[in-house]
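Notes follow once the structure below has been shown.
The values are calculated or read from the model by the stated rules, or taken from the named source; none is laboratory data. Model, not experiment: these values are computed from the prediction. Every residue, glycine as well, gets a Cβ built from its backbone with ideal geometry; the counts of neighbours run over all protein chains shown.
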Amino acid sequence: MRLAAKLILLFLAGILLIVGIFAYLTIQLDRQLAIAQHQQRAKALAEAVQSDPNLRTDRVNSPTHGIGEPNPSVRFYSSQIRIVQFGTANDQLRPSVPTEMVMTREEITTISLPDETGQQRFYTYVPMPSVDEDGHADRRIEVSDPDLEADHRVRRSIISSLVAFIGVTFLSGMIIVIGGFRMVGEPLQKLTDKVRRIGQGDFTQPLELESNDELQNLARSINEMCDQLTKQRDAIALETASRLEAVEQLRHSDRLTSVGQMAAGFAHEIGTPLNVVAGRAELIAGGGLSADGVQDSAKAIQTESQRITKIVRSLLDFSRPRTPNRTKTCLNDLIQHTLERMKPLADNLNVSLQTQVPTQLIDADIDTGQLEQVLTNLMINAIHSIKTDGAVSLNLDVAKVSLDDQNQTPKYCTIEVVDNGQGIRQSEIGHVFEPFYTTKDVGEGTGLGLSIAHAIVKEHDGWIEVKSIVGKGSVFRVFLPLHEENAQ
């Protein structure tokens, strides 16, 4: 609606300007017509004065009236006629208007000026013979009349202009108000509401305009855009669901791969209790044990069986896919649990495991299973990077991190996996988190472990930093936001 009002005001301003210019031109035209009429009348009077001996005003310069004496004028009704002389020192013979305003000396000149009373008058100068009988040169007949119609002309032009302006304004205003608000204001309001709904994600309710103009074309284009956006949104939703499913499958595949890599260590771990169970059962079956010996062997078999069950259950829990569920978790316990899980694989490859954990408890809102997968992948890579006897350290700490887009320094927890293995070349560090990129030999890795670990940490609002020196080892540092109570 405001646009229609602006158009109305702009149109009215244009009308006012046109009417003003028209009024000014009308006044000037009336004035020119009045000057032309006065000039014709003055010319006729001057010719009559010069041709009639009884009206010859040059007789005022006779010997009876010297040139230095006052120059009387002749009146014909309202007209006053004088003979004036240019370039004379006699004030009585000077023209009533400044000499420089008379442009030519060969043609009739008419000038409009106010007299001493302030009344507007016309002064017309008609050339006379260049030299009269007395030898006076550059003389003219001055015919002056009061411009009695000046105020009337201005008043008439103003009134007619005002009447025209009011009439045109009223008629145009009615047309613009009705047509502007109906043809412009209402369609624009509908377009605005439709765009606002699009901004809120509502692509329904097609916009319908009955006007057969550019606004209808715009509405049609907006409707087509909404249809395309709806199709694209549906396609994106399907693509997102497919990608999420694929990512989850990749995570599950990587988890199974990790399980396979840990199987050797678990086999070694399970082999010991199985040997104990087999030996004790053999003793019982031999019948050479006393009642107390049989009882001790049975207890040993029970203990080792529970140990095997715990190991198998832990392996199954780790390999089973699960929906992310972020809860408050003690990272100290998580570090210890991960070390226990990785100990069989490390022992099997003669790698010692170490840890540095602060005495205070550090909590974070995480999905325990997913973060276990991250740490397990990092630990497996660290263990496999050691070709001979070496060590892998799993450390936990708290650090203040300054972010570029914030003035504050929020607290994060850091989990480091440090090894003294072969290290990673600088040219390869930028690719370690890419899917299917691996530096391991064929058959030893899928290239998905670090990629999935990076995605999981990013979903937890954190990131992973890598530092490595070839021949000396690598450091993978995981940054995770602390729980609110720890961050204070």
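Key figures
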quantity	calculated
Sole exception among (1) at pLDDT below 85; (2) in contact with a strand residue (DSSP E or B) (Cβ under 9 Å, 6 or more places away or on another chain); (3) surrounded by 15 or more Cβ atoms within 10 Å (Cβ to Cβ) for residue 448, by number	(2)
The range 178-220: number of residues that are of a type in the set (S, T, N, Q), modelled with pLDDT of 75 or more and surrounded by fewer than 11 Cβ atoms within 10 Å (Cβ to Cβ)	3
Flag for residue 376 being of a type in the set (S, T, N, Q), under 26 Å from residue 432 (Cβ atoms) and modelled with pLDDT of 85 or more	yes
Given (1) assigned to a helix (DSSP H, G or I); (2) over 26 Å from residue 17 (Cα atoms), index of the condition residue 168 fails	(2)
Residue 483, sole failed condition from (1) at pLDDT below 85; (2) within 26 Å of residue 250 (Cα to Cα)	(2)
Subset of the range 406-421 that is outside any strand (DSSP E or B) and farther than 19 Å from residue 354 by Cβ - its residue that is modelled with the highest pLDDT	410
Members of the range 381-398 that are surrounded by fewer than 21 Cβ atoms within 10 Å (Cβ to Cβ) and in a loop (DSSP other than H, G, I, E, B)	386, 387, 388, 389
Only one of 332, 325 that is within 47 Å of the chain's Cα centre (by Cα), at pLDDT 75 or above and assigned to a loop (DSSP other than H, G, I, E, B)	325
Top-ranked residue in the range 51-69 [being surrounded by fewer than 16 Cβ atoms within 10 Å (Cβ to Cβ) and part of a helix (DSSP H, G or I); ranked as modelled with the highest pLDDT]	51
Which listed residue is assigned by TED's automatic domain parsing to the domain that holds residue 29, assigned to a loop (DSSP other than H, G, I, E, B) and at pLDDT below 60, from 129, 95, 72	72
Single residue of the range 304-316 satisfying the filter (loosely packed, with under 14 Cβ neighbours inside 10 Å and modelled with pLDDT of 75 or more) that is farthest from the chain's Cα centre (by Cα)	306
Residue in the range 197-205 that is touching a residue at least 40 places away in the same chain (Cβ under 8 Å), outside any helix (DSSP H, G or I) and either farther than 30 Å from residue 33 by Cβ or among the charged types (D, E, K, R) (or both) present	no
